[in-house]
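S.K.: There's a structure below that I have some questions on.
The values are calculated or read from the model by the stated rules, or taken from the named source; none is laboratory data. Small disclaimer: the values here were computed from a predicted structure and weren't measured. Note that each Cβ is placed from the backbone with ideal geometry, even for glycine, and that neighbours are counted across all protein chains shown. Keep in mind that these areas ignore ligands, DNA and RNA; they rest on the heavy atoms of the full protein, side chains included. Shrake-Rupley method; radii C 1.70, N 1.55, O 1.52, S 1.80 Å.
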Amino acid sequence: MRRLVVMAVLVVSALALAAVNLDVFGNYHFTLSATPTAAASISYLSFGLQVGYEVTEGVQIGGGVGLAYFLPDATAATAFLGVASPTQWTLDLTVSAKYAIPINDFSAVVVKGYGGLSIPGFTGFDKLGYIVGAKVLYVFDMVDFNVGFGAGIEMRTYGTSSITTVPVGVLANIKF
């Protein structure tokens with residue numbers, strides 16, 4: 001029992017000293033290409049939370065959860081996602097890496113790469129999808145709070161369906 005208490009104290013102490021960051025993001029995705037081609041009119045919104053650990057100055061790794069809402073109608077989204085029940089939502093579980101390049105004391109350019117799993121309709125594990133993407137953001141630094149905006153490229157694959165988009169969005173980062 002004593003070993004368990006000592007290990008718990010060490011873990012809590014390490015986490016208290018860690019530079020943990022919370023990202024809140026939102027994006028609108030413009031479609032570049034899609035398969036099947038009938039899905040080329042689909043665009044979507046994505047938003048979520050990511051927790052990051054600062055490995056070294058300017059470099060973060062982390063993971064998070066997000067949602068994607070496919071537009072414009074449920075029929076096109078259902079055909080694209082390949083699920084039996086009409087849904088326009090997916091649950092995204094991602095890992096990411098970020099690198100901040102300082103411009104001056106109050107701003108930076110952040111390069112972010114991410115990838116992970118996407119679950120259509122929150123329960124469509126038989127139609128599991130994959131996400132990979134990269135973004136470049138301009139970030140304004142306000143000590144323990146950052147606000148940024150930028151764009152990138154994202155690819156999603158669900159079975160035989162795939163889509164390539166340009167996500168344009170915002171990011172808010174809180175440092176703990």
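S.K.: Going through ALA68, ALA97, ALA40 one at a time, which residue ends up being assigned to a strand (DSSP E or B), over 23 Å from ASP126 (Cα atoms) and among the hydrophobic types (A, V, I, L, M, F, W, C)?
M.R.: Numbers: ALA68 fails: over 23 Å from ASP126 (Cα atoms); ALA40 fails: assigned to a strand (DSSP E or B).
The unique qualifying residue is ALA97.
S.K.: Please find, among VAL147, VAL132, the residue that is within 23 Å of ALA34 (Cβ to Cβ), open to solvent by 20 Å² or more (accessible area, probe 1.4 Å), assigned to a strand (DSSP E or B) and hydrophobic (A, V, I, L, M, F, W, C).
M.R.: Just a single option satisfies the conditions, and that option is VAL132.
S.K.: Out of (1) in contact with a Phe, Trp or Tyr (Cβ under 8 Å, 6 or more places away or on another chain); (2) under 23 Å from LEU32 (Cβ atoms); (3) touching a residue at least 60 places away in the same chain (Cβ under 8 Å), the odd one out for ILE174 is which?
M.R.: ILE174 satisfies every listed condition except (2).
S.K.: Tell me yes or no: at least one residue of region 111-124 is at pLDDT 95 or above, under 16 Å from PHE25 (Cα atoms), exposed (fewer than 15 other Cβ atoms within 10 Å of the Cβ) and among the β-branched types (Val, Ile, Thr).
M.R.: No, region 111-124 contains no residue that is at pLDDT 95 or above, under 16 Å from PHE25 (Cα atoms), exposed (fewer than 15 other Cβ atoms within 10 Å of the Cβ) and among the β-branched types (Val, Ile, Thr).
S.K.: Given GLY148, GLY133, GLY66, which one is touching a residue at least 40 places away in the same chain (Cβ under 8 Å) and of a type in the set (Gly, Ala, Ser)?
M.R.: Residue meeting the stated conditions: GLY66.
S.K.: Identify, from the list SER33, SER46, the residue that is in contact with a helix residue (DSSP H, G or I) (Cβ under 8 Å, 6 or more places away or on another chain) and either open to solvent by 70 Å² or more (accessible area, probe 1.4 Å) or assigned to a strand (DSSP E or B) (or both).
M.R.: Values: SER46 fails: in contact with a helix residue (DSSP H, G or I) (Cβ under 8 Å, 6 or more places away or on another chain).
Residue meeting the stated conditions: SER33.
S.K.: Among the residues that make up region 155-167, is at least one of them open to solvent by less than 30 Å² (accessible area, probe 1.4 Å) and under 15 Å from TYR99 (Cα atoms)?
M.R.: No, because not a single residue in region 155-167 is open to solvent by less than 30 Å² (accessible area, probe 1.4 Å) and under 15 Å from TYR99 (Cα atoms).
S.K.: Right, something else. Of the conditions (1) farther than 22 Å from PHE30 by Cα; (2) open to solvent by 30 Å² or more (accessible area, probe 1.4 Å); (3) among the polar types (S, T, N, Q), THR75 clears all except one; give me its number.
M.R.: Every listed condition holds for THR75 apart from (1).
S.K.: Could you tell me whether any residue of region 100-109 is farther than 25 Å from VAL55 by Cβ and assigned to a strand (DSSP E or B)?
M.R.: So far as region 100-109 goes, no, none of its residues is farther than 25 Å from VAL55 by Cβ and assigned to a strand (DSSP E or B).
S.K.: Just to be sure, is VAL55 open to solvent by 70 Å² or more (accessible area, probe 1.4 Å) and within 12 Å of the chain's Cα centre (by Cα)?
M.R.: For VAL55, the condition - open to solvent by 70 Å² or more (accessible area, probe 1.4 Å) and within 12 Å of the chain's Cα centre (by Cα) - is not met.
S.K.: Separate question: The conditions are (1) closer than 13 Å to LEU171 by Cα; (2) open to solvent by 40 Å² or more (accessible area, probe 1.4 Å), and VAL139 fails exactly one of them. Which is it?
M.R.: (2)
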